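Asks: Can you read through this structure? Questions will come right after.
The numbers here are math on the coordinates, done by the rules we state, and not lab data. Just so you know, these numbers come straight off a predicted model, no measurement behind them. Virtual Cβ from ideal backbone geometry, glycine too; neighbours counted across all protein chains shown.
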Amino acid sequence: MAIETNGGASTLSVFPLSGMGLEVEQSDFSWGSKVLLRTLGTIPGAMRNKMIFDGAPTDLLVQKAIQKCLGGPKPMRIRFTQSVLKGLRFECQSSHKYFLLGTAFEQNFQTELAELVDSNDVVYDIGSHFGWWTLWFSVAAKFVVAFEPSPVNFQFLRRNIEANHRTNVELHQVAASNSRGSISFVEDGSCSHVSLSSSPTDSVQVKTEQIDCFAGSHRPSLVKIDVEGHASKVLEGMADTLEQIRPRLLMEIHDPTEESGVRGILSQHTYKITEQARRSYPKRVLAFPESN
């Protein structure tokens, strides 16, 4: 972060991006970088997302061009000036949606969650990444238990929670799965994932735990699962939680195999699945317990 000296006094240099609902604690943005970011901020969030992150063949070229202009990808420290997260700080990368979309990140989903999450909810955030949703839940809900197995991502998650003094968040550096032990894990940014193959060369070993082992301390009323294809194993490891506590479930499904496993397990536990947003993968589904 930049420190400006004025008569011996040091002050934090902040670059406001009101169009993105945030301000940047920065040190080396060029004039051209600032113009680019302010221009991006004039584009509505949904259109900005479509232009940069919609999955079109040209998206990667656009992303690379933006990062070249910014001198990135590079670490960013931002503070939100709008939305539920107003006043909170967040550390990420200049290439992340968290930064380039600002408070417009997953805007439609935020609106849906505002109606779904209650101030008395205990939320399990399984697959927390850098903690954007963990912070969001910490404001909207009563308590959050966050799970992130990636050694790299977990350090960002921990710093983001500690920087904002969120005392209603509990962090666990484990992969939620169907057994206690360890498993191969591939570091790949926001797409980091458990590997079911036998120890690929680019993997690390991470601890695995069953969600049932945690539910006795903090009984979840809402569970968010975004684990890049491993959701059925997560559900297998929370069978008692599904039967006895009956939390609502919010899941990101990434492929037909993951969806088939999820639907089979939830059918056994008499859950009703409702698809949200897009029907193509990845897609979001809600699952609610039906009366027994």
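Asks: Expressed as an acute angle from 0 to 90° and rounded to the nearest 10, what is the orientation of the C-alpha long axis of helix 59-70 relative to the principal long axis of the chain?
Replies: The angle comes out at about 40 degrees.
Asks: While we're on this one: Any aspartates and glutamates with Cα under 15 Å of the K272 Cα? List them, leaving off those in the same chain fewer than 8 positions away.
Replies: The reachable aspartates and glutamates, counting only those whose Cα sits under 15 Å from K272, are E243, E259, E290.
Asks: Determine, from the Cβ-Cβ distance of V62 and R263 and an R0 of 35 Å, the FRET efficiency 1/(1 + (r/R0)^6), rounded to the nearest 0.05. Walk me through the numbers before you get to the answer.
Replies: Details: r = 35 Å, r/R0 = 1.01.
Plugging the Cβ-Cβ distance into 1/(1 + (r/R0)^6) gives 0.50.
Asks: May I pose another question? Sorted from largest down, what three extents in whole angstroms do the Cα atoms of the stretch 240-281 have along their principal axes?
Replies: The Cα atoms of the stretch 240-281 stretch 32, 19, 13 Å along the principal axes, largest first.
Asks: Determine the equivalent ellipsoid of the stretch 92-194 by diagonalising the alpha-carbon gyration tensor, then write out the semi-axes as square roots of 5 times the eigenvalues, largest first, rounded to whole Å.
Replies: One finds semi-axes of 22, 18, 13 Å for the stretch 92-194.
Asks: Hey, what's the Kirkwood Rh for the stretch 207-288 if you take every pair of different alpha carbons, in angstrom? Please list the in-between numbers first.
Replies: Details: mean 1/r = 0.0786 Å⁻¹.
So the Kirkwood estimate lands at 12.7 Å.
Asks: T39 to Q244: extension gain in nm, 0.36 nm per residue of separation minus the Cα-Cα distance?
Replies: In short, 68.7 nm is gained.
Asks: For all pairs of alpha-carbon atoms in the stretch 107-289, what percent lies in each bin of width 5 Å, listed from the first bin to the last filled one?
Replies: P(r) for the stretch 107-289, in whole percents per bin: 1, 8, 18, 22, 22, 18, 8, 2, 0.
Asks: Could I ask something else about it? Hey, can you grab everything whose amide H is under 5 Å from the amide H of S182? Only 5+ residues off in sequence or another chain; H modelled, so Pro and N-termini drop out.
Replies: Under 5 Å from the amide H of S182 lie the amide H atoms of T208, each far enough along the sequence or on another chain.
Asks: Next question, about the same structure. Taking only pairs that are 8 or more places apart or on different chains, how many Lys pairs in the stretch 31-100 have Cα atoms under 14 angstrom apart? Mind dumping the intermediate values first?
Replies: Values: K34/K68; K50/K97; K64/K74; K64/K97; K74/K97.
Pairs that pass both the separation and distance tests number 5.
Asks: Right, something else. What residues qualify as long-range amide H neighbours of S95, i.e. H under 5 Å apart, gap of 5 or more or another chain, H built at 1.01 Å from N?
Replies: Result for S95 returns K74.
Asks: How much net charge surrounds H129 when only the other residues with a Cβ under 10 Å from the Cβ of H129 are counted, with Lys and Arg +1 and Asp and Glu -1? Don't skip to the answer; put the middle values down first.
Replies: Working: positive: none; negative: D125, E148, D226.
Local charge sum for H129: -3.
Asks: D for the stretch 3-104, whole µm²/s, Stokes-Einstein with Kirkwood Rh over alpha-carbon pairs at 37 °C and 0.692 mPa s: what number? Walk me through the numbers on the way to the answer.
Replies: Numbers: Rh = 14.2 Å.
Taking Rh from Cα pairs, D becomes 231 µm²/s.
Asks: In whole percent, what relative contact order does the stretch 107-289 give with Cα contacts below 8 Å and a gap of six or more residues?
Replies: Result for the stretch 107-289 is 17 percent.
Asks: Testing the spin-label approximation: label points 7 Å from Cα along Cα→Cβ at T167 and C69. State their distance in nm.
Replies: 4.4 nm
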